[in-house]
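The values are calculated or read from the model by the stated rules, or taken from the named source; none is laboratory data. Since the structure is predicted, the reported quantities are computational estimates derived from the model, not experimental observations. Cβ sites come from the backbone with ideal geometry, for glycine too, and all protein chains shown count toward neighbours. The protein model used for the area step is the full one, side chains on, heavy atoms only, and it has no ligands, DNA or RNA in it. Shrake-Rupley method; radii C 1.70, N 1.55, O 1.52, S 1.80 Å.
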Amino acid sequence: MIPDIETPRLLLRHLDPQTLWLCLAGQPETAAELLGAPLAAEWLDEQDLMSMRLDDIERQPDYAPWSVRALLRRDDLTMVGHANFHSLPGHPYLGDYGDVELGYTIYPAYRRQGYAREAVLAMGAWAARAGAPRLVLSIAPDNLPSQRLAADLGFAKAGQSEDEDGVEDVLTACWPLKGTPS
């Protein structure tokens, strides 16, 4: 079992292959029991992400701790979003941008409450302890809240990429990020 990453308000709990498989198989109640927390309806709509991460773990078992985590509020275990690293550190697609790319989603009802900042700081600290201190974020230019958060944390634009999601700014930063508690 991969341990939770803990913050003052969140538990970042690994969604293991069995939980992902149960979600994909239409068994969310059993998946929630295994996770130890209710699954958000928004999460259950993320079938493509679940399938991709399950495939990633099956192809590279060492990727599992870097894979997707549920962002759970500590006080009531409500799932407020999810976060994951897109690959193992040092993947060739990153080039010279950084060690590992982080992605996160906060569900609409929980935005603008500081959960994204808390999750990014926690995931960044975890990655740095695991030997990957150079972080990459890819953010759509018009996603102003995420752009502001990245700037506040010390990320700087290093380039642009285009993929199935459209054009995204590639931003990089080294641990410790700005705003990291001493």
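Of everything in segment 162-182 that's touching a strand residue (DSSP E or B) at 6+ places or on another chain (Cβ under 7 Å) and open to solvent by less than 40 Å² (accessible area, probe 1.4 Å), which residue is farthest from residue 96 (Cα to Cα)?
Across segment 162-182, the extreme among qualifying residues is 168.
So residue 12 ticks every box in (1) free of Cβ contacts under 8 Å to residues at least 24 places away in the same chain; (2) surrounded by 15 or more Cβ atoms within 10 Å (Cβ to Cβ); (3) of a type in the set (A, V, I, L, M, F, W, C) but one. Which box is left unticked?
Among (1) free of Cβ contacts under 8 Å to residues at least 24 places away in the same chain; (2) surrounded by 15 or more Cβ atoms within 10 Å (Cβ to Cβ); (3) of a type in the set (A, V, I, L, M, F, W, C), the lone unmet condition for residue 12 is (1).
How many of the residues making up segment 90-101 are touching a strand residue (DSSP E or B) at 6+ places or on another chain (Cβ under 9 Å), part of a helix (DSSP H, G or I) and open to solvent by 20 Å² or more (accessible area, probe 1.4 Å)?
Residues that pass the stated criteria total 1.
Going residue by residue through segment 77-89, is there one that turns out to be assigned to a strand (DSSP E or B), of a type in the set (Val, Ile, Thr), open to solvent by less than 40 Å² (accessible area, probe 1.4 Å) and under 17 Å from residue 102 (Cβ atoms)?
Yes.
Looking only at segment 20-42, count every residue that is free of Cβ contacts under 8 Å to residues at least 12 places away in the same chain, under 25 Å from residue 118 (Cα atoms) and surrounded by fewer than 17 Cβ atoms within 10 Å (Cβ to Cβ) and tell me the total.
Residues flagged as free of Cβ contacts under 8 Å to residues at least 12 places away in the same chain, under 25 Å from residue 118 (Cα atoms) and surrounded by fewer than 17 Cβ atoms within 10 Å (Cβ to Cβ) within segment 20-42 amount to 1.
Which members of segment 47-81 meet the condition of being among the acidic types (Asp, Glu) and in contact (Cβ under 8 Å) with a residue 40 or more places away in the chain?
58, 75
Within segment 142-161, how many residues are without any contact (Cβ under 8 Å) to a residue 40 or more places away in the chain, open to solvent by less than 60 Å² (accessible area, probe 1.4 Å) and within 21 Å of residue 95 (Cβ to Cβ)?
Summing the residues that are without any contact (Cβ under 8 Å) to a residue 40 or more places away in the chain, open to solvent by less than 60 Å² (accessible area, probe 1.4 Å) and within 21 Å of residue 95 (Cβ to Cβ) in segment 142-161 gives 5.
Please determine whether any residue of segment 114-126 is without any contact (Cβ under 8 Å) to a residue 40 or more places away in the chain, within 18 Å of residue 57 (Cβ to Cβ), among the small types (Gly, Ala, Ser) and crowded, with 16+ Cβ neighbours inside 10 Å.
Within segment 114-126, not a single residue is without any contact (Cβ under 8 Å) to a residue 40 or more places away in the chain, within 18 Å of residue 57 (Cβ to Cβ), among the small types (Gly, Ala, Ser) and crowded, with 16+ Cβ neighbours inside 10 Å.
Quick check, is residue 67 of a type in the set (Gly, Ala, Ser), open to solvent by less than 20 Å² (accessible area, probe 1.4 Å), more than 21 Å from residue 108 (Cβ to Cβ) and in contact with a Lys or Arg (Cβ under 6 Å, 6 or more places away or on another chain)? Break it down stepwise before answering.
Details: of a type in the set (Gly, Ala, Ser): yes; open to solvent by less than 20 Å² (accessible area, probe 1.4 Å): yes; more than 21 Å from residue 108 (Cβ to Cβ): yes; in contact with a Lys or Arg (Cβ under 6 Å, 6 or more places away or on another chain): yes.
Yes: the conditions hold for residue 67.
Limited to segment 43-84, what total is found for residues that are out of contact with any Ser or Thr (no Cβ under 6 Å at 6 or more places or on another chain), under 17 Å from residue 118 (Cβ atoms) and of a type outside the set (Val, Ile, Thr)?
11
I'm told residue 139 meets every condition in (1) open to solvent by less than 20 Å² (accessible area, probe 1.4 Å); (2) at positive phi except one. Can you identify the failing condition by its number?
So the condition that residue 139 fails would be (2).
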